[in-house]
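What follows is one structure encoded as structure tokens, with my remarks underneath.
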Amino acid sequence: MSVAERVLQEYAWREGHLNAPDVDPLALEELVYAVAAECRSEIGFPIHSLLNNQTPEARWCIYSLFLAILENTPCSKPRLRMSTPPRKGQYYDGWAEWSAESTRAAFNAQPSGVTKSEGSNA
């Protein structure tokens with residue numbers, strides 16, 4: 001699957017839950033796992049039963065909150081859901097990933113027409 005197709009599928013998944021009267025607890029669980037993975041954390045207990053016991057309004061609020069957090073977390077590819085709980089240490093090198101994304105973001109923030117060496121002397 002191409003990156004563009006994956007991005008479109010992820011956004012369709014997101015919009016479907018935002019517009020639904022009730023958010024599926026499994027979809028909410030996938031979103032919570034994705035936020036935990038972005039934070040390089042793990043969730044050491046099953047959260048499905050906690051989410052199942054919430055009202056539809058509470059699930060929608062939790063979903064929109066975690067979605068806002070995830071969408072505002074800088075990453076190179078959109079990560080909007082994760083079907084398995086994250087585990088600490090599952091990332092090869094989180095600092096290297098952060099450094100690469102930070103460097104890429106700084107380079108992309110350079111004004112057009114200015115080379116990297118010109119931008120550092122300004």
**Prompt:** Do the conditions hold for ALA58, that is, is it within 16 Å of the chain's Cα centre (by Cα), of a type outside the set (Ser, Thr, Tyr) and not assigned by TED's automatic domain parsing to the domain that holds ALA105?
**Reply:** no
**Request:** Could you please find all residues in the range 33-45 being loosely packed, with under 15 Cβ neighbours inside 10 Å and among the small types (Gly, Ala, Ser)?
**Result:** SER41, GLY44
**Item:** Test for ARG59: is it closer than 27 Å to ASN108 by Cα, surrounded by 14 or more Cβ atoms within 10 Å (Cβ to Cβ) and among the basic types (Lys, Arg)
**Value:** no
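Per-residue answers, yes or no, for (1) surrounded by 15 or more Cβ atoms within 10 Å (Cβ to Cβ); (2) out of contact with any helix residue (DSSP H, G or I) (no Cβ under 7 Å at 6 or more places or on another chain); (3) in a loop (DSSP other than H, G, I, E, B); (4) at pLDDT below 80:
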| residue | (1), (2), (3), (4) |
| --- | --- |
| ALA27 | yes, no, no, no |
| LEU31 | yes, no, no, no |
| TYR63 | yes, no, no, no |
| CYS75 | no, no, yes, yes |
| TYR92 | no, yes, yes, yes |
| ALA100 | no, yes, no, yes |
| THR103 | no, yes, no, yes |
| SER112 | no, yes, yes, yes |
| GLU118 | no, yes, no, yes |
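The values are calculated or read from the model by the stated rules, or taken from the named source; none is laboratory data. Note that this is a predicted model, so its numbers are computed, not measured. FYI the Cβ positions are ideal-geometry reconstructions off the backbone, even for glycines, and counts take in every protein chain you see.
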